[in-house]
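Novice: A single structure is presented below for examination.
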Amino acid sequence: MWAYITKRLLLSVPVILGVAFMVFAMVRVLPGDPARIIAGEAATQEIVEGIRKDMGLDQPLLRQFATFAMSVLRGDFGRSVRSKAPVGGEIAARLPNTIRLATAGLGIAVLVGVSAGVISAIRPYSLIDTAVMLVALAGLSMPVFWSGLMLILVFAVWLKWLPAVGTGGIEHLVLPAVTLGMSTAAIIARMSRSSMLEVLRSDYIRTARAKGLAEAAVVNRHAFRNALIPVITVVGLQMGTLLSGAVLTETVFAWPGIGRLLVEGILARDYPIVQASVLVVAMAFVMVNLTVDVLYAVVDPRIHYD
Amino acid sequence: MTEPGKIGLPGDSAAPVPAQAALRWSAVRPSRSRLRMVWGQFRRNRAGLAGLAILALFLCAGLFATVLAPYDPYEIELESGLKGPSPGHLLGQDELGRDLLSRVIYGARLSLVIGVIAVSIGVGVGVPIGAISGYFGGLPDLLVQRLIDIMLAFPGVLLAIVLVAIMGVGLVQVMVAVGIVSIPVYARLVRGQVLSLRAQEFVDAARAVGATSVRIIWRHVLPNTLAVIIVQSTLQIASAILSAAALGFLGLGAQPPAAEWGSMLSNARQYIRLAPHSVMFPGLAIMLTVLGFNLLGDAIRDALDPRMRI
C-alpha cells in the first residue's frame, strides 16, 4: 500500500504544477498589458514600467514561473491591487472561515444523507422511500444560491429564528452549513440507498438472517458497514461540489471566506487576489482527493494496490 | 408521442434505401427495433415521463416566448415596482416593475440555449479527444490525461469562474466557459468506453479486413459510445444550466437587464424582505428545468440499459 500512496503522491505533482501554471498564466493571457491594468488607466508610462519590472514581467516566461512558484512556496502571493495589503495575510484570515463552513456542510451532508439513504433502503418502494427519494432529487436540482435564499426567507425573514447573514456564534453557521450540505446530502442519500439495497440482497445477509439475527443487528452490523464503502467514494467525489458550493454560499450569506474573496477579486479586477484564492482552493481540492484515495485504500481491505 | 425516433436518438428516415446502403447505415445508427425497445422501456418510467413533460413545458416557453409572455420582459413600470402576484401580473413584478412571468419565460429561452450550446462545445471537443486518445494510447494519451487531471483539479464551477475571469464577464463568455468545463468530462468518459471497445473482436475484424483507424473509430467504436454520450449529455445540460445561473448570480454572467434566471436572483435578493416572490420564481424555474433534465437523464439511462439502474 505504501507503494500505492507514493505513486499517488508523485502523480499529483504534475497536477499541482499544472494548476499553478494555469493560475500563473491567467494574468499573462489577459487581453492588454497586466502592468497597465494594475497601474490603472491614468498612470504614467514610468509607473507602468516600474510595475512591469517589479512584477518581473520583463523576464523570460519560464523564469517568471519559477519566481512565482518559489514565492508561492514561501507563502508570498504578492500584494492586493486594491488594498495594497499582502494577499497571503488576506488568505490566511479568510481560510479558517471557509474550512469551518465546508466542514459543517460536509458533516450535515453525511449525517442527513446516510440516514435518509439507509431508511429508504430498509423499506424500498414504500411511501417513505418514495418521499425521501423525491426530496433528494429536488435537493439535487436546486441551485445552492437559491436554496440559501429560501432558507433566509423562511428562517430569518419569516420565522426570525436565525440571523440572515454575517459571522459570529454557531447560530450564524446553521443556515450556510445547511445550504451547503443540502445538495451533497441528496447525492449521498441516493448513493447510500442503492449501495445498501445491493448489500441487503447479498448472500451473507441472507445467512445472517437465516441464523436468526435480529433485523437491527443485520442492518447495523452486517449491512451498514459494507454499504458505506461506495458512499465514502461518493463523499470524496463530492468535495468539488462542496468547495464550489462554498463560493456561492459565501456570497449568499456574506460569509467572509475564500470564495467571497475570489468573487470580489474578479469583480474588482484584483488579479493577485484572484490568483491566490484560485490556487488555494484548487490545491485544497487536490489534497482532499489525495487524502480520500489513501483513506479508501486503508478502509477497504479487499482492494489491493500494486 | 408514440414515434420511437423522438427521444433524442438520431431518427430513422422513411426513404427507401438500397439493401447495401441500409446495411452500412445500420452500422452507424441504432436500429428501429432497438429504438422501439428503448422507448418501450422509457414510457413505463413515470419519473422520466414527468421530466419529459416539465421539459416540454419549458421548451415551449422558450420557443414561443414572444407569443406566450404577457408583457415585454424589459418594460419598466416604476410605480408598481416589487408588487406581488396579481391577476394582471401572475408572478408579480420586480424592483423596476417588470413583469416577472414574462421575464421567467424569456429566461427559459436563455437557459436552454446556454445549456445546449455549452454541452455542444463539450461534446464537439471532448468526444474526439477522448476517442483519439483512448484508441491510439501512447504519449499523446498520457499528455491528454494529465491535462484533463489539471482541468478536473478545479472543483466544479470554479474552473468556469476562472475562465470567465480570463475572458471577461458576459453571456457568451459564460457559454464558452461552461462548455470548456464539460470537455474533460466527455473526454474521460469516451476514452474509458473506447479503451474497452478497442479490445473487442469486431474491432479486430474491422482491422483485419483493412479498415483505416479513422473509419474504425467513426463507424465501429463511436456508435457504440452513443448511449453513454446521450445519457451524459442530458445530465450535463442540467449542470450547465446550474453553472450558468450560478455565474449569473455572482454577477459574472449575463448582465442586467438580461432576463437570465441567475442574474434576476442576484438583483432580487436585496428585496427579499419586501418582495419574496421576486426571489422565489426565478429559482423555482431553475430548479424545475434542472429537475426535468435529471429525471429524463435517469430514465434514458434506465431505458438504454436496465442493468445500470441504481
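Novice: Relative contact order of chain A: what whole-number percent is it, with Cα pairs under 8 angstrom and at least 6 residues apart? Working shown, then result.
Specialist: Numbers: 349 pairs, mean separation 77.2, N = 306.
Computed over chain A, the figure is 25 percent.
Novice: Picking from A:Val87, A:Val110, A:Val174, which is most flexible by a Gaussian network model of chain A using Cα springs under 10 Å?
Specialist: Greatest mean-square fluctuation among the candidates belongs to A:Val174.
Novice: Could I ask something else about it? Given Cα pairs under 8 Å that are at least 6 residues apart, what percent is the relative contact order of region B:192-310? Kindly include the intermediate steps, with their values, before the conclusion.
Specialist: Details: 94 pairs, mean separation 27.0, N = 119.
The value is 23 percent.
Novice: Let me ask you something else. Calculate, for B:Leu142 and A:Val294, the FRET efficiency according to 1/(1 + (r/R0)^6) with r their C-beta to C-beta distance and R0 25 Å; round to the nearest 0.05.
Specialist: It comes out at approximately 0.60.
Novice: Just flag the chymotrypsin sites (Phe, Trp or Tyr not before Pro) in region B:33-115 sitting in loop per DSSP whose Cβ has no more than 15 other Cβ atoms within 10 Å.
Specialist: Those satisfying the criteria are B:Phe64, B:Tyr74.
Novice: Now a separate question. Based on alpha-carbon centroids, what's the gap between region A:57-134 and region A:160-224 in Å, whole number please?
Specialist: Using only Cα atoms to place each centre, the spacing works out to 22 Å.
Novice: Within 10 Å of each Cβ in peptide B:283-294, how many partner chain Cβ atoms are there on average? Round it to a whole number, please. Intermediate results must be reported in sequence, preceding the final value.
Specialist: Details: counts 8, 3, 1, 5, 9, 2, 1, 5, 6, 1, 1, 4.
Average per residue, whole number: 4.
Novice: So what's the back-of-envelope 222 nm ellipticity for the protein assembly as shown, counting only DSSP H runs of four-plus at -39500 (n - 2.57) apiece and dividing by all residues, rounded to 500?
Specialist: Counting only the DSSP helices, I get -23500 deg cm²/dmol.
Novice: In addition: Hey, got the average number of other protein chain Cβ atoms within 10 angstrom for residues in B:165-178?
Specialist: Going residue by residue through B:165-178 and averaging, the value is 2.
Novice: At a Cα cut-off below 18 Å, give the lysines reachable from A:Lys84, other chains included and same-chain residues fewer than 8 away excluded.
Specialist: Within reach: A:Lys53.
Novice: Can you tell me how the protein assembly as shown classifies by the Cα gyration tensor, rounded, prolate or oblate, using a/c under 1.5 as the rounded cut?
Specialist: Details: a/c = 1.28, a/b = 1.17, b/c = 1.09.
It is rounded, given that a/c, with a ≥ b ≥ c, falls under 1.5.
Novice: Which residue, A:Val231, A:Val144, A:Val219, has the most motion in a Gaussian network model of chain A that connects Cα atoms within less than 10 Å?
Specialist: Answer for the Gaussian network model of chain A: A:Val219.
Novice: Distance in nm between label sites at A:Val157 and A:Ile47, each 7 Å beyond Cα in the beta-carbon direction?
Specialist: For the pair A:Val157/A:Ile47, the computed spacing is 4.3 nm.
Novice: Report relative contact order for chain B in percent, whole number only (criteria: Cα-Cα under 8 Å, sequence separation at least 6).
Specialist: Across chain B, relative contact order equals 24 percent.
Novice: Would you work out if region B:234-293 is rounded, prolate or oblate? Take a ≥ b ≥ c from the square roots of the eigenvalues of the alpha-carbon gyration tensor; rounded if a/c is under 1.5, else prolate when a/b is larger than b/c, oblate otherwise.
Specialist: Oblate shape, in that a/c is at least 1.5 and b/c is the bigger or equal ratio.
Novice: Follow-up. Out of A:Ala223, A:Ala43, A:Ala35, any idea which swings most in a Gaussian network model of chain A, alpha carbons joined below 10 Å?
Specialist: Comparing A:Ala223, A:Ala43, A:Ala35 in the GNM, the peak value goes to A:Ala43.
Novice: Can you tally the net charge around B:Met175? Count Lys and Arg as +1, Asp and Glu as -1, for every other residue whose Cβ sits under 14 Å from the Cβ of B:Met175.
Specialist: Its environment carries a net charge of 0.
Novice: If you take the beta carbon distance between A:Val13 and B:Gln200 as r and set R0 to 41 Å, what does 1/(1 + (r/R0)^6) give as a FRET efficiency, to the nearest 0.05? Don't jump to the answer; show the numbers that get you there.
Specialist: Details: r = 35 Å, r/R0 = 0.86.
The calculated FRET efficiency here is 0.70.
Novice: May I ask you to evaluate 6.51 cos²θ - 1.76 cosθ + 1.60, the Karplus curve with θ = phi - 60°, for each residue of region A:133-145 and list the ³J(HN,Hα) values in order in whole Hz, giving x for glycine and proline?
Specialist: Values per residue, Gly and Pro as x: 5, 5, 4, 4, 5, 5, x, 5, 8, 7, x, 3, 5 Hz.
Novice: Within 10 Å of each candidate Cβ there may be at most 15 other Cβ atoms; applying that plus a DSSP loop requirement, which trypsin sites (Lys or Arg not before Pro) in region A:1-102 survive?
Specialist: Answer in residue order: A:Arg74, A:Arg82, A:Lys84.
Novice: Could you pull out every residue, at least 5 positions away or on a different chain, whose amide H is within less than 5 Å of the one on A:Arg79? Hs are placed 1.01 Å off N in the peptide plane, and Pro or chain starts have none.
Specialist: A:Val87
Novice: Looking at the square roots a ≥ b ≥ c of the eigenvalues of the Cα gyration tensor of chain A, which shape do they give, rounded for a/c under 1.5, prolate if a/b is larger than b/c, or oblate?
Specialist: oblate
Readers should treat all values here as calculations from the given coordinates under stated rules, not as data from a laboratory. None of these values were measured; they are calculated from a predicted model. Cβ: placed from backbone, ideal geometry, glycine included. Neighbour counts: every protein chain shown.
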